Amino acid sequence: MYRHWTAAEDQLFRKYGNKEIAERTRRPITCVQSRKQVLRRAGVVLPYMVRFRRTDWTAAKDKIVAENRPSVAMRLLDHSRDTIKRRRKTLGLGPWISPKKPKRPTRPAPLRWTAEEDRLVLNLPFEEAVKAIGRRTKMAVYLRRATLRRKGKQLKWNRRMS
C-alpha cells in the first residue's frame, strides 16, 4: 500500500543521505531516490551531497583497513570503496597489492645415474642390480636398462644366458 510522503519526511532530505532516510522512514532506498528526484523537479533546493557519516577512525579500524583487501574492509566496516581508499592513503599505505602466494614445494630433482650404477645395470641380472643399487626402485632400474639398450649399450648378462 502506498504511503504519502509527509513534510517532516521531506525535511530529512536536507540532513541525511539516502540510506539513512530509508532506515528512518522504513522505505526502500529506491523510493527515497525517486522522492528526491520529484523534490528536485519541483524546485526544492537540496544539498548535492549530504555528509551523513563522519567516521571516527580507531586503531582497530585502521588495522582492519591495513591488513585486509578493500572488498573485505568494506564489508567489515560498512564503508564505501572510496572511503577505504582514502583511509589507506591517509595512513600512507598506498593502493592494495595482493600478497604473493607462497611457492608450493616442488619435487626434488631426480637423482642422476652414475657410471657405477649404469655398470651394475648392464652387468648384473635385474633383481641383483636392484639390490646392488639400493636407492632406485625396480621400475627405475627397468627403465634405465631400456634407455641404455636404446642408446646402443650391450647387456653383459641377460636371461637367455642363465
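The values are calculated or read from the model by the stated rules, or taken from the named source; none is laboratory data. Only a predicted model underlies this, so the values are computations on that prediction, with no experimental measurement involved. Note: accessible area is taken over every heavy atom of the protein model, side chains too, but ligands, DNA and RNA are not part of it. Shrake-Rupley method; radii C 1.70, N 1.55, O 1.52, S 1.80 Å.
Test of understanding: in a Gaussian network model of the chain with alpha carbons linked when under 10 Å, which of GLY94, GLY152, GLY43 would top the mean-square fluctuation ranking?
Comparing GLY94, GLY152, GLY43 in the GNM, the peak value goes to GLY152.
Can you tell me which of LYS61, LYS85, LYS151 moves the most in a GNM of the chain? Springs connect C-alpha atoms under 10 Å apart.
Evaluated over the chain, the most mobile residue of the options is LYS151.
The list (i) 8, 21, 12, 11, 6, 7, 10, 8, 10, 7, 1; (ii) 11, 44, 37, 7, 0; (iii) 11, 41, 36, 11, 1, 0 gives values of P(r) over Cα pairs in 10 Å bins from 0, in percent, and only one came from this structure; which label was calculated from it?
Recomputing P(r) over Cα pairs in 10 Å bins from 0, in percent here picks out (i).
On the protein heavy atoms, probe 1.4 angstrom, tell me the percent of accessible surface of segment 1-142 carried by carbon and sulfur.
55 percent
In deg cm²/dmol, rounded to 500, what helix-only [θ] at 222 nm does the chain give when every DSSP H run of at least 4 residues adds -39500 (n - 2.57) and the total is split over its residues?
Numbers: 9 runs with 83 residues, N = 162.
Only helices count here, giving -14500 deg cm²/dmol.
Could you check which residue among ASN123, ASN68, ASN18 shows the biggest mean-square fluctuation in a GNM of the chain with a 10 Å Cα cutoff?
Evaluated over the chain, the most mobile residue of the options is ASN123.
Which whole-number value in Å² is the accessible area per residue of the chain, probe 1.4 Å?
82 Å²
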